[in-house]
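> Quick one: this structure, given as structure tokens, is what I'll be asking you about.
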Amino acid sequence: MSDCIVAIDGGGSTTTGVAVMRDGQASRLKPGRGCNVADGPGWQMSLETVLAQIPTGATVVLGVPGWGEIAQNDTAVRRFVEARRTTHVHFLNDVELAYRAAFEGGWGVLVLAGTGSMAMAAKSDEVIRAGGWGHWISDEGSAFWIGRVALALAVAEFDQTKPDTGFAARLMQTLDVRADQIALLEWIATDPETRARIGEVALHVDRLADVGDKVAFDIMVSAAEKLSVLARCAARRAKLPEPFRWCHAGSVFQSATVCAHLIAQLGPPSHPDHGTLAGGLKMAAELAGWSEVFDWDELLSD
């Protein structure tokens, strides 16, 4: 039986974790960058940053971006983790980790919108998802989607294939990039973590929306509409009646514009039963066979 349990929440931008000893002493792990295999070789260093802090023999619940989607990526992550840690590790998709934490007491819909996006519900023990099929073909309403739409509009204004609203110049100013296509292309292409960089543009678009930029505001509203469609699709396939309970997670929900328009579509969100890491700790404690009962959210509140 492990004397230490660990929950790790991987993501497209940040990997966070927490370790708890049997006496209830909790310690946050130093975070790493995103650990999505689809983003390139940097995922190993991000995971190693967090894994290196775990005591030998710990029971670990590890939420991995994209887990269960591409077999060779799952194999690569499993081999990497198991080669470095003499621990018991339970792998699952990072969105499923967040979902199971949020809806411990029943069914609902989790709408995740960080670098990527997905809506998840459950039908009996079957997990239902809508979206989240990668930034190439999906991830509607995500930070990457917002950033890509905004940058594409900026380039269209520079090329004069769309009317010049001034949005391109305002966006380039907030990004601190020279206002032309070549400078923008260089700014994107020279970052080894291109997807994360484009995702970070969403924050700047939201700030422009907050100060009255109509183009930026329309992009954020469109993102909310995309997320609403995903949520309703997941709920319908899980046969959840409307209005259904829903929670949200991810950086896009820092946007007041997105939150307001999604609430108008779906109603007020519910408070999750547990935070993602707290839910992961509860799962890890059960896997480790602990009899100790803690308020996992309270344990992480400091």
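The values are calculated or read from the model by the stated rules, or taken from the named source; none is laboratory data. Note that the coordinates shown come from a computational prediction; the quantities given were computed from them, not determined experimentally. So basically every Cβ, Gly included, is an ideal-geometry build from the backbone, and we count neighbours across all protein chains shown.
> Given the options 177, 205, name the one that is part of a loop (DSSP other than H, G, I, E, B) and under 26 Å from residue 34 (Cα atoms). Reasoning before the result, please.
On the way: 205 fails: part of a loop (DSSP other than H, G, I, E, B).
Only one candidate qualifies: 177.
> State whether the residues of the stretch 189-198 include one that is touching a strand residue (DSSP E or B) at 6+ places or on another chain (Cβ under 7 Å), at pLDDT below 95, assigned by TED's automatic domain parsing to the domain that holds residue 170 and of a type in the set (Gly, Ala, Ser).
no
> Consider residue 104 carefully, then state whether it is free of Cβ contacts under 8 Å to residues at least 60 places away in the same chain and either touching a strand residue (DSSP E or B) at 6+ places or on another chain (Cβ under 8 Å) or surrounded by fewer than 24 Cβ atoms within 10 Å (Cβ to Cβ) (or both).
On the way: free of Cβ contacts under 8 Å to residues at least 60 places away in the same chain: no; either touching a strand residue (DSSP E or B) at 6+ places or on another chain (Cβ under 8 Å) or surrounded by fewer than 24 Cβ atoms within 10 Å (Cβ to Cβ) (or both): yes.
Here the answer is no, as residue 104 does not meet what is asked.
> Continuing with this model, one more query. Could you pull out the residue among 149, 95 that is out of contact with any Gly (no Cβ under 8 Å at 6 or more places or on another chain) and in contact (Cβ under 8 Å) with a residue 24 or more places away in the chain? Full working, then the answer.
Details: 95 fails: out of contact with any Gly (no Cβ under 8 Å at 6 or more places or on another chain).
Exactly one of 149, 95 is out of contact with any Gly (no Cβ under 8 Å at 6 or more places or on another chain) and in contact (Cβ under 8 Å) with a residue 24 or more places away in the chain, namely 149.
> When you check residue 250 against the structure, is it surrounded by 19 or more Cβ atoms within 10 Å (Cβ to Cβ) and not assigned by TED's automatic domain parsing to the domain that holds residue 223, yes or no? Reasoning before the result, please.
On the way: surrounded by 19 or more Cβ atoms within 10 Å (Cβ to Cβ): yes; not assigned by TED's automatic domain parsing to the domain that holds residue 223: no.
No, not satisfied.
> Exactly one condition in (1) under 19 Å from the mean Cα position of the chain (by Cα); (2) assigned to a loop (DSSP other than H, G, I, E, B); (3) not hydroxyl-bearing (Ser, Thr, Tyr) is not met by residue 242; state its number.
Every listed condition holds for residue 242 apart from (1).
> Can you report the number of residues in the stretch 139-192 which are over 21 Å from residue 220 (Cβ atoms), of a type in the set (A, V, I, L, M) and exposed (fewer than 15 other Cβ atoms within 10 Å of the Cβ)?
Qualifying residue count for the region: 4.
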